Amino acid sequence: MRISLFVTCYNDLLFPETGKAVVAILERLGHEVDFPIAQTCCGQMHYNTGYQSDALTLMRRFVSVFREAEVVCVPSSSCVAMMRDHYLKLAAQASTPGLEADVKTLLPRIYEFSELLTDKLGVEDIGAFFPHEVVLHVSCHALRSLRLGDKPARLLRKVRGLTLVEPADGEDCCGFGGTFSVKNADVSAAILAAKIQGLLATGAEVCTAVDNSCLMHIGGALQRQRTAMRTLHLAEILATSQ
Amino acid sequence: MSVRVGLAGTAPGFPEAAKTLLSNTQLRHNLRHATNVIRKKRERVVAEMPDWQDLRNTAHEIKNHVLRHLDTYLEQFEMACVRAGGHVHWARDADEANRIIVGLIQERGHKEVIKVKTMTSDEIQLNTALQSAGITPYETDLADLIVQLGGDQPSHIVVPALHRNRMEIRKLFLEKMGLESLGDRPEDLTEAARQYLRERFLRVKTGISGANFAIAETGSICVVESEGNARMCTTLPEMLITLVGIEKIIPKFRDLEVFLQLLPRSATGERMNPYNSIWTGVTPGSGPQAFHVVLLDNGRTKILTDRESRATLDCIRCGACLNACPVYRQTGGHAYGSIYSGPIGAILTPQLQSMEHSQTLPYASSLCGACYEVCPVKIDIPEILLRLRNRIVSNGDAPLSERIAMKSAAVALSGPRLLRIAHAAARLGQIPFKKGGAIRSLPGMLAGWTEVRDLSAIPKQSFRDWWKERERAKAK
């Protein structure tokens, strides 16, 4: 299968290792990966902060870049949530001929990374080896918008040597929320403190998630507090081998 | 501005108010405890309902239908209420509602009122209006009484005194009720409140209540509660005045079947409220012989005109979204600057005021979606928050620094060429702040981030540069 990677804007700049891991896994599974270089951003940050017209411009670019793709892989549940929850509405308001139809036919071909593996490619065991205790942070968009359920956990359970542990109040938000963490930095930090407590109580060595945005937020506090726990995107765990 | 929502028009912005509250450890302890208890109870009683989602959908449909035909149902309510011996008054805004209520009390020459279950009266600042007319209001819901005696503001829609603990309440009662001694067991405190309130229930001749539902078909009012004080308040006085926001209308009596299953489970985690009072007009020889309903608009019809956000008016004030909200659970209700707190407050308060005030509220959410998930009438609160954020930006009311940042980001993301330049600029820009692979302190609007979190330094090579390098190597 030819899979087009939308790496997302922040992974591109801040977490290139995640993109590399996705490429490695998909190629290991025998697929051809394509990275359309004209891609930039899904528009979520602008949309969520109230800048809809800027978001619309970014959506237009995304749609024109990926219109012909067979399958689009996105290693970020919140970007996929942006597309699934808001693109159609945004397109309907845009009054650009053909845009709404393009979005409608493109959306079913877009998969979040763990979804792509379990639903579209039908694999759970990709031969990874990661002999560590891992706690899975369930991001809000994965949980309530994409309804990923146990898909990420199923993938982790197949990793050799990996022990998966559950945090208390695992369904609570980490407090990131994009520009929320800047506009309401104090509240965001307070929510984060509660989250960190639950994660650290598990004693795990690694905290993983399907979103680097939550992990950047969580990891930032773990690092500041000089804890032994580190953060790693799900793809980077799955890309490991013995 | 004609529409006033409590003191929200002059309240500090959410981030500032929150900062102060976050340093109150007692408050945060109480909050965590109370919201956890209610959340767990709610989960338990919701899980035992096989048709919970059907009930939510039905409630959503009923509310949607009512809002589309509100004019018809309001008039139907008025006719039915009048037929049953009640009087109906229409109030455009807070001032008009206050004038009507004060006038009714003055006509009878009463100097005191007992009040219960009326957040709407807080919205219109009725107590202030009463006091300036020389009328003394007594709150009779236990939590509201605690808030009133403390000269305090409610911090939760359903449990307004959530931020107070037993010791604080004991001290307050001792002081304000003129008692000589008082224990701090719940029984002691309840007994003190009972003595204090009973005497007023028997003496005061005007009662003021709110309404959970106003039934168009029959002209009835429904109030649900736990204590029985609302029952006292609505049956003992000579005159009863019920203040109702116009969105509280439901079409038929049988619609209560849906809402009385959803509301107690969502609000307090109970299958049914201990007291469910429903009354219709005046019953000769029993209960208040004069009954007035004041129908309040105060910005509601304005919300109704916006198809995208009118679902805000579906709210049945259960408070489930507060208990589920990660933001509310840290700050409590006072940060929201009005009686309406939590996620529902964040969309209701600014809209009632035509988006002229409380503009930081739509941003007081991480958009985690927990509120929508628990809402018994399926209000898509995150969607409405986004709509309001867009309105703030479109009105040109967003802070300048944010507008510049967003515009710059939009330009950087407009294509791969500018994006590479922006990447290079970001790498250069981080140098003064980088310390051993991490960024520990940033200036300006990013300072809040680095107060408690590090940022990893930007990697030397972006993904796209790695990809290009790989493609080049492959081509060779």
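Readers should treat all values here as calculations from the given coordinates under stated rules, not as data from a laboratory. Quantities reported herein were computed from a predicted structural model and do not represent experimental measurements. A quick note on method: Cβ atoms are made from the backbone with ideal geometry, for glycine too, and the neighbour counts reach across all protein chains shown.
Magnitude of the charge dipole for chain A, about its Cα centre and with charges confined to Cβ atoms of Lys, Arg (+1) and Asp, Glu (-1), is about 140 debye. Backbone geometry of the stretch B:203-216 corresponds, through the Karplus equation with coefficients 6.51, -1.76 and 1.60 at θ = phi - 60°, to 3J(HN,Hα) couplings of 9, 7, 9, 10, x, 10, 10, x, 8, 7, 9, 10, 9, 4 Hz, x marking Gly and Pro.
In debye to the nearest 20, how big a dipole does the protein assembly as shown give about its Cα centre with +1 on each Lys and Arg Cβ and -1 on each Asp and Glu Cβ?
1660 debye
Only the Cβ atoms of Lys and Arg (+1) and of Asp and Glu (-1) were treated as charged; on that basis the dipole of chain B about its Cα centre amounts to roughly 2480 debye.
Cβ-Cβ distance of B:Thr128 and B:Arg83, R₀ of 35 Å, FRET efficiency by 1/(1 + (r/R0)^6): the value works out to about 0.50.
Taking amide H positions as modeled 1.01 Å from N, with prolines and chain starts lacking one, the residues under 5 Å from A:Thr231 and 5 or more places away or on another chain are A:Cys207.
Shown is the FRET efficiency for B:Glu308 and B:Glu61, computed with R0 = 22 Å from the Cβ-Cβ distance and rounded to the nearest 0.05: 0.75. Lys and Arg at +1, Asp and Glu at -1: add these up for the other residues within a Cβ distance under 13 Å of B:Val204 and post the number. Charge balance near B:Val204 sits at +3.
Given a Förster distance of 60 angstrom, what is the FRET efficiency for A:Glu32 paired with B:Glu16, based on the Cβ-Cβ distance and rounded to 0.05?
Efficiency, from the Cβ-Cβ distance: 0.65.
Other residues lying with their Cβ under 13 Å from the Cβ of B:Ile157 contribute a combined charge of -2, Lys and Arg counting +1, Asp and Glu -1. Distances between placed amide hydrogens fall under 5 Å for B:Val113 paired with B:Thr136, B:Tyr138, all partners being 5 or more residues away or on another chain. Label positions at B:Ser408 and B:Ser394, each projected 7 Å from the Cα along the C-beta direction, are separated by 2.8 nm. With only Cα atoms counted, the protein assembly as shown has Rg and Dmax values of 28.0, 100 Å. Cross-link reach is defined here as a Cα-Cα straight distance under 27 Å, omitting same-chain residues fewer than 8 places apart; for B:Lys205 the lysines meeting it are B:Lys111, B:Lys115, B:Lys117, B:Lys176, B:Lys248.
Across the stretch B:22-38, computed HN-Hα scalar couplings (Karplus, 6.51 cos²θ - 1.76 cosθ + 1.60, θ = phi - 60°) run 5, 8, 8, 5, 4, 4, 5, 5, 4, 4, 4, 5, 5, 5, 5, 4, 5 Hz from first to last residue, x flagging Gly and Pro.
Kindly list the residues of the stretch A:211-237 that lie in the label zone of B:Lys434, defined by a backbone N under 14 Å from the point 7 Å along the Cα-to-C-beta vector. Output list for this probe position: empty.
Return the whole-Å distance between the Cα centroid of the stretch B:264-306 and the Cα centroid of the stretch B:153-204. The stretch B:264-306 and the stretch B:153-204 have Cα centres separated by 25 Å. Taking amide H positions as modeled 1.01 Å from N, with prolines and chain starts lacking one, the residues under 5 Å from B:His292 and 5 or more places away or on another chain are B:His87, B:Leu240, B:Ile241, B:Thr242. Neighbour counting of Cβ atoms within 10 Å sorts the residues B:Glu402, B:Glu139, B:Glu217, fewest neighbours leading, into B:Glu217, B:Glu402, B:Glu139.
Of the residues B:Leu313, A:Met216, B:Thr118, the one whose Cα sits farthest towards the positive end of the charge dipole of the protein assembly as shown is A:Met216 (charges of +1 on Lys and Arg Cβ, -1 on Asp and Glu Cβ, taken about the Cα centre). Pair-distance distribution of the stretch B:401-475: all C-alpha pairs, bin width 5 Å, starting at 0; shares per bin in whole percent are 3, 13, 18, 20, 21, 13, 6, 3, 2, 0. For the stretch B:111-128, backbone phi angles converted through the Karplus equation (6.51, -1.76, 1.60; θ = phi - 60°) give residue-by-residue couplings of 10, 9, 9, 9, 10, 8, 6, 9, 5, 4, 5, 6, 4, 8, 6, 4, 4, 4 Hz, Gly and Pro being listed as x. Listed by Cβ neighbour count within 10 Å, with the fewest neighbours leading, B:Met406, B:Met355 appear as B:Met355, B:Met406. Taken over the Cα atoms of chain B, the convex hull encloses 185 Å³ per residue. Positive-end ranking of B:Gly429, B:Trp466, B:Ser441 along the dipole of the stretch B:401-475, with charges on Cβ about the Cα centre, is headed by B:Trp466. Site pair B:Tyr275 and B:Trp90 shows an inter-label distance of 3.3 nm when each label is modelled 7 Å from Cα along Cα→Cβ.
Candidates B:Ala409, B:Ala91, B:Leu70 compared by Cα position along the dipole of the protein assembly as shown: farthest toward the positive end lies B:Ala409, with charges placed on Cβ. Between the stretch B:57-128 and the stretch A:67-81, the C-alpha centres lie 51 angstrom from each other.
Here is the short version for chain B: B:Cys81, B:Cys222, B:Cys233, B:Cys315, B:Cys318, B:Cys325, B:Cys375 have no other Cys C-beta closer than 4.7 Å.
Spin-label model, A:Ala153 to B:Met49: label points 7 Å out along the Cα-to-beta-carbon direction sit 2.5 nm apart.
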